[in-house]
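Take a look at the structure set out below.
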Amino acid sequence: PMSTILYGPILGKIRRGKMIKAEVVARHLGISTTTYSQIETGRRSASYERVTAICDELGISPTRLNGLLTNEKRR
C-alpha cells in the first residue's frame, strides 16, 4: 500500500517545482487546503485513489512517484 507519510513530502516538492499552488490542487480534489497540506507534510494519510488523483493533478504517474520515493530511500 502507498504510504502518504512517505509520499507527501515528495508530492509537495513536485508541486512546488511546477509552481502549482496547494490551494489549486486541493480545490480540484474537492478537499480543504488544510487537509491537502497535512497530506503533503505526512500528518494525514490518503488512499491510493487520492494519491493517484494528486499525481494526475501534478502531471506525473504513480509509477514515477514510486520511483522518486525509491530514490529518496537510497540516499
Under the Karplus curve 6.51 cos²θ - 1.76 cosθ + 1.60, θ = phi - 60°, whole-Hz ³J(HN,Hα) for the range 36-51, x wherever Gly or Pro sits: 4, 4, 5, 5, 4, 8, x, 8, 9, 8, 9, 5, 4, 4, 5, 4
The range 1-51: relative contact order in percent, alpha carbon pairs under 8 Å with at least 6 residues between: 53 percent
Integer Hz, Karplus 6.51/-1.76/1.60 couplings in order for the range 23-33, x for Gly and Pro: 4, 5, 4, 4, 4, 5, 7, x, 10, 6, 4
Residue-span extension gain [K18 to T35] - 0.36 nm each, minus C-alpha spacing: 4.1 nm
Entry for mean projected area of the Cα convex hull in nm² (calculated from the structure that is shown) out of (i) 4.5; (ii) 4.9; (iii) 7.6: (i)
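Only the coordinates and a few stated rules stand behind these numbers; no lab work does. A quick note: this is a predicted structure, and the numbers were derived from the prediction, not measured.
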